[in-house]
Amino acid sequence: MKIGVIGSGNIGGNLGKHWAKAGHEVLFSSRHPETLNSLVSETEGNAKAVSIEKAFEANADVYLLATPYKAIDKLSELYAGEYGNNTIIDATNPYPERDGNMAQEVRDSNRNASEYTAMKFNTAKTAKAFNTIRAEHLRDRAWRDTDKLAVPFAAQDENSKQKTQQLIEDIGFDAVYIGDLTKTAIMDPDQKLYGKSVNRQELERIID
């Protein structure tokens with residue numbers, strides 16, 4: 001798959017490196033792509049650094065959204081013509097202390113964080129994954145054949161579900177489907193799955 005990584009920090013950078021190693025084509029993106037040269041040089045496989053605009057113009061199969069939550073409104077508006085019918089994997093979390101009033105409003109509203117993302121990127125199909133696992137575990141505990149960490153995910157339709165499950169499993173994690181986006185409140189900050197790095201059995205026990 002061709003994967004556009006929107007936000008190439010701890011989560012986006014590590015996932016992009018893993019996916020390139022797994023054989024996918026990865027486009028790391030930033031407003032200043034020249035700052036990502038060292039990330040690209042550390043990556044095994046097919047990866048390059050591009051602007052956010054170029055990443056969206058590339059018509060990737062999947063976009064990983066790993067930016068601060070406050071960027072969602074602007075990104076969805078600026079690139080509305082580019083991501084239609086693609087899959088967006090939302091790895092963001094609303095932190096009011098960092099993201100301001102919009103994050104607090106989402107946390108106080110009747111919708112969960114992933115439903116807000118899906119509403120903003122409404123011509124794409126949204127999945128939710130990688131927002132609960134700790135960044136250092138995402139980096140260090142991939143590629144396992146045994147004692148795998150479980151990554152919970154949700155998806156808006158069957159296509160986004162299949163792509164997200166594959167991208168979790170391709171890099172040595174167990175994918176645990178929890179349902180559609182209405183079920184993702186359990187993955188939000190301060191909720192039951194947030195910050196949990198556990199195996200499938202333990203994750204399913206927490207969910208139940």
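Residues in region 84-97 that are more than 17 Å from Glu115 (Cβ to Cβ), in a loop (DSSP other than H, G, I, E, B) and open to solvent by less than 40 Å² (accessible area, probe 1.4 Å): Gly84, Asn86. For region 105-121, the set of residues classified as surrounded by 13 or more Cβ atoms within 10 Å (Cβ to Cβ), in a loop (DSSP other than H, G, I, E, B) and either of a type in the set (Val, Ile, Thr) or more than 16 Å from the chain's Cα centre (by Cα) (or both) consists of Arg111 only. Of the helices (runs of 4 or more DSSP H) lying entirely inside region 135-208, those containing at least 1 residues that are more than 24 Å from Glu25 (Cα to Cα), basic (Lys, Arg) and in contact (Cβ under 8 Å) with a residue 40 or more places away in the chain are 200-207. Which residues, taken from region 1-25, are touching a helix residue (DSSP H, G or I) at 6+ places or on another chain (Cβ under 6 Å) and without any contact (Cβ under 8 Å) to a residue 40 or more places away in the chain? Passing the criteria: only Gly13.
The values are calculated or read from the model by the stated rules, or taken from the named source; none is laboratory data. Everything numeric in this text was worked out from a predicted model, so none of it was measured. Cβ atoms come from the backbone with ideal geometry, glycine included; neighbour counts cover every protein chain shown. When the accessible area is computed, the model is the full protein with side chains, heavy atoms only, and any ligands, DNA or RNA have been set aside. Shrake-Rupley method; radii C 1.70, N 1.55, O 1.52, S 1.80 Å.
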